[in-house]
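The values are calculated or read from the model by the stated rules, or taken from the named source; none is laboratory data. In this text the structure is predicted, and so the values were computed from the model without any measurement. Please note: Cβ atoms are built from the backbone with ideal geometry, for glycine as well, and neighbour counts cover all protein chains shown.
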Amino acid sequence: MGRTFRPNRRFRHKYDRLFKQEPRAANVFLLLCEMADEKGQVETDPAELSKLMAARFEDPRRYAL
């Protein structure tokens, strides 16, 4: 996991559109992208995802980019 997620313009555009509709969903999308490996795969369960959301975002409805 030595790489850092860097959102490109296309990702920011998708995030912005999703954020306007549903801010929490946009932040879940961001978290999953940050967690994904080189193949885009994420292995987690709902309980772990909930814990990670709480740790990553102070307010899940706030803009995070």
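Worth pointing out:
- Residue match in segment 37-44 (condition: under 11 Å from the mean Cα position of the chain (by Cα) and either within 21 Å of R3 (Cβ to Cβ) or among the small types (G, A, S) (or both)): no
- Sole residue being under 16 Å from F11 (Cα atoms) and either exposed (fewer than 15 other Cβ atoms within 10 Å of the Cβ) or not aliphatic (A, V, I, L, M) (or both), chosen from L31, L65: L65
Residue-wise test of (1) touching a Ser or Thr at 6+ places or on another chain (Cβ under 8 Å); (2) assigned to a helix (DSSP H, G or I); (3) at pLDDT below 90.
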{"position": "R3", "(1), (2), (3)": "no, no, yes"}
{"position": "K14", "(1), (2), (3)": "no, yes, no"}
{"position": "R24", "(1), (2), (3)": "no, yes, no"}
{"position": "L31", "(1), (2), (3)": "no, yes, no"}
{"position": "G40", "(1), (2), (3)": "no, no, yes"}
{"position": "A47", "(1), (2), (3)": "no, yes, no"}
{"position": "L52", "(1), (2), (3)": "yes, yes, no"}
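- Neighbours by Cβ (under 9 Å, 6+ apart or cross-chain): first from segment 38-65, free of Cβ contacts under 8 Å to residues at least 40 places away in the same chain; second assigned to a loop (DSSP other than H, G, I, E, B) and of a type in the set (S, T, Y): L52/T44
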